[in-house]
Structure formats: structure tokens, C-alpha cells
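Participant: Here's a structure for you.
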Amino acid sequence: MRKGCGALAVVLLCLAGCSDTPAPVSSPSPTPVRTTPTPPPPPADGDLPRGGRVIFPKYQLVGYVGLPGSPALGPLDKDLDAKAAELETLSRAYAAGRTPQPVLELIAVVAKGSRGKDGLYRGRLPDSAIEEYLTVARKHKMLLLLDIQPGRAKILPEAKRLERWLKEPDVGLAFDPEWAVGPGQAPGRVFGHTTGVELDSIAAYLSGLVQANDLPEKVFVFHQLSTRIVSSEKALTAHPGVVTIKSVDGIGARTDKLKTWTKLTTSLPPAVHAGFKLFYTEDTRHGPLMTPPQVLALKPRPELVIYE
């Protein structure tokens with residue numbers, strides 16, 4: 001968010017399945033403004049944090065998501081070094097023959113319940129906050145993902161505004177199209193939407209950055225909890241240097257999550273890898289949280305597992 005002002009962040013509090021009801025809007029604590037040192041240098045030789053330049057099949061990605069000062073949006077709200085240590089331990093439970101690669105997913109652009117000065121229903125984190133998270137990520141040899149909930153703003157300009165960070169070898173991009181709404185709409189009152197063509201344009205942009213800056217493979221994640229959120233997905237194609245992952249974000253009891261998983265992964269485009277999200281609060285209202293062995297038993301294998 002902008003310095004000195006809070007925002008009404010959109011918090012996902014749907015019931016089980018949550019395929020037909022948009023999420024309500026709530027008010028987290030204002031994002032604290034911090035002064036942080038310049039992040040440490042990137043990994044040597046332009047490699048990924050734990051070596052090499054290719055993500056799969058070497059690595060298994062496991063992540064925490066969050067926003068400073070907003071615990072309802074995930075565990076990365078504070079105490080970042082402690083959370084990174086927890087994530088390191090958790091990631092080992094998902095190794096299953098691969099090298100664990102923890103991921104910090106920072107909500108860098110957050111959907112808002114109010115118009116804001118520009119009428120775009122979104123707030124942006126200051127660079128100082130992104131620097132803080134990147135510093136922690138590099139300290140622990142983790143990837144940083146910058147997540148965008150664009151509100152009424154266009155996703156590609158929001159991504160390009162973060163280009164300074166996306167040129168780094170250990171920083172990727174995430175897009176939450178549930179919160180990408182059109183003119184006259186407000187996040188949380190209706191589901192947002194994207195298309196395979198729009199997703200493909202983002203992947204192409206990231207591919208250009210990778211090639212122009214001699215970067216290792218860059219992760220691009222798009223979140224999806226319902227079939228209605230992404231149309232014409234097959235228009236999303238492979239792009240050199242970009243690893244595209246669909247994070248299936250279904251909420252609720254295990255049976256509901258598995259139904260959503262099946263709906264959203266049965267016809268994945270060849271260029272898209274599978275990811276899976278678990279919700280510490282919302283999922284456990286309906287039963288125990290799925291365990292790493294249960295998640296790894298899904299077909300196809302979730303190559304990214306995110307905890308919110």
C-alpha cells in the first residue's frame with residue numbers, strides 16, 4: 001500500500017467449495033512503513049537461490065503467502081525470519097525425491113473495498129516492504145513471488161510497474177484474477193476474471209525479461225478457485241524461461257478441495273504445471289488440514305504447494 005495509509009484488503013472467507021459466492025471485504029491493520037537496508041546481492045552467477053537455472057524437475061516449491069500487518073491473508077504478516085524457519089521445515093515434508101525450494105509469496109498489490117484516489121480499488125506496497133521481504137528471502141535462500149490482486153487496474157501495467165524487482169533472478173510473479181474486476185464492479189462483490197490470452201501476455205512479458213537479462217527460469221503463478229475465473233485457458237502457451245503454474249485455491253473440507261482440484265486440472269494446457277493451496281483457517285473449519293502425503297498423492301503432482 002502507499003505509505004502512511006491503510007487499505008481495505010479483500011479477505012477470502014468463503015464457505016466450503018466457495019465456487020458461487022464472492023468473498024466479503026474486511027479491514028486489516030494498516031501496513032506498517034519500515035526502513036530497511038538494501039537487500040543482499042542475488043545468488044551467485046545469476047542462479048536460482050539453491051543452485052542451477054531450471055526449476056523443474058529438480059525442485060519442489062512450497063510457499064507461505066501474506067501481507068504485512070494482515071494475518072487474515074496468510075502467515076507472512078510479521079516475524080519473517082521465524083516464519084521462514086517454519087517454512088524451511090515444512091518444505092522438507094514435501095521433498096519426495098526432489099530438492100525443497102521454499103517460496104515467500106508477498107501480496108504486493110492488494111484489492112481494496114474502496115475506490116481509492118484513482119478509482120481502481122487496489123493498493124500497492126511501498127518498495128521498502130518489498131525490500132524487506134526480498135532481504136529475508138535471500139537470507140534463507142528462498143524465492144520471492146510478488147502477488148497482484150489488481151482490482152480495476154490492468155494486470156500487465158501492474159506487473160510492469162514491478163519490473164525493477166522482476167529483473168532479479170530470484171523474484172517471480174503471481175496473479176490472483178479472482179480480484180481482477182471490470183468497470184463498474186468492486187472486488188469482493190463479484191468474482192474477477194481473466195483469459196488465457198491475458199495470461200499468455202504476462203508469460204510473454206516475463207519471458208522477455210528472462211532473455212534480455214540472462215535470468216534463470218522465472219516462476220509465474222496464477223490462482224484459480226472456480227472454472228468461471230479463467231476462460232479460454234488453452235491460449236496460454238509455453239514461453240522460454242518461464243515456468244507457469246496454476247494454483248488451485250479451492251476451500252473447504254478435503255472432499256470439496258478434491259472436487260475443485262479435479263475440475264481445474266483435468267485439462268491443463270501442456271505449458272501449465274499444477275499447484276495447490278491450503279488454508280489454515282478456512283479449510284480447518286471443515287476438518288483437519290490435508291497432510292503433505294495426502295497432497296503429494298494428488299494427480300498430477302502439485303509442484304507448488306502454498307499455505308495461506
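Participant: Please state which one of 96, 111, 82 is surrounded by fewer than 22 Cβ atoms within 10 Å (Cβ to Cβ), touching a residue at least 40 places away in the same chain (Cβ under 8 Å) and among the aliphatic types (A, V, I, L, M).
Facilitator: Step by step, each of 96, 111, 82 is checked, and only 96 is surrounded by fewer than 22 Cβ atoms within 10 Å (Cβ to Cβ), touching a residue at least 40 places away in the same chain (Cβ under 8 Å) and among the aliphatic types (A, V, I, L, M).
Participant: Report the residue count in region 114-124 for those that are out of contact with any helix residue (DSSP H, G or I) (no Cβ under 9 Å at 6 or more places or on another chain) and either under 17 Å from residue 180 (Cα atoms) or touching a residue at least 40 places away in the same chain (Cβ under 8 Å) (or both).
Facilitator: Result for region 114-124: 7.
Participant: Next question. When you look at residue 106, is it surrounded by fewer than 20 Cβ atoms within 10 Å (Cβ to Cβ), closer than 30 Å to residue 186 by Cα and at pLDDT 95 or above, yes or no?
Facilitator: The answer is no for residue 106.
Participant: Checking the conditions here, which among 170, 127 is among the charged types (D, E, K, R), more than 15 Å from residue 306 (Cβ to Cβ) and touching a Leu at 6+ places or on another chain (Cβ under 6 Å)?
Facilitator: Every option except 170 fails the conditions.
Participant: Considering only region 55-79, state which residues are among the aromatic types (Phe, Trp, Tyr) and buried (at least 17 other Cβ atoms within 10 Å of the Cβ).
Facilitator: Hits for region 55-79 are 59, 64.
Participant: Here is a list: 87, 120. Which entry is modelled with pLDDT of 95 or more, surrounded by fewer than 24 Cβ atoms within 10 Å (Cβ to Cβ) and within 13 Å of residue 64 (Cβ to Cβ)?
Facilitator: Only one candidate qualifies: 87.
Participant: Condition first: open to solvent by 10 Å² or more (accessible area, probe 1.4 Å) and either among the aliphatic types (A, V, I, L, M) or touching a strand residue (DSSP E or B) at 6+ places or on another chain (Cβ under 9 Å) (or both). Now tell me which residues in region 244-260 satisfy that.
Facilitator: Across region 244-260, the qualifying residues are 253, 258, 260.
Participant: Here's something else I'd like to know. Can you pull out the residues in region 160-175 that are touching a residue at least 60 places away in the same chain (Cβ under 8 Å) and farther than 14 Å from residue 55 by Cβ?
Facilitator: 168, 174, listed by residue number.
Participant: Sort out which residues of region 229-266 are without any contact (Cβ under 8 Å) to a residue 24 or more places away in the chain and part of a loop (DSSP other than H, G, I, E, B), and write them in order of number.
Facilitator: 266
Participant: Another question about this same structure. For residue 218, are the conditions met, namely being within 14 Å of the chain's Cα centre (by Cα) and either open to solvent by 20 Å² or more (accessible area, probe 1.4 Å) or of a type in the set (Lys, Arg) (or both)?
Facilitator: yes
Participant: I've got another one for you. Only one of 253, 203, 186 is over 25 Å from residue 294 (Cβ atoms), out of contact with any Pro (no Cβ under 8 Å at 6 or more places or on another chain) and at pLDDT below 95; which?
Facilitator: 186
The values are calculated or read from the model by the stated rules, or taken from the named source; none is laboratory data. All values derive from a computational prediction rather than experimental measurement. Neighbour counts are summed over all protein chains in view; Cβ atoms, including those assigned to glycine, are modelled from backbone coordinates with ideal geometry. Accessible surface areas use protein heavy atoms only, side chains included; no ligands, DNA or RNA. Shrake-Rupley method; radii C 1.70, N 1.55, O 1.52, S 1.80 Å.
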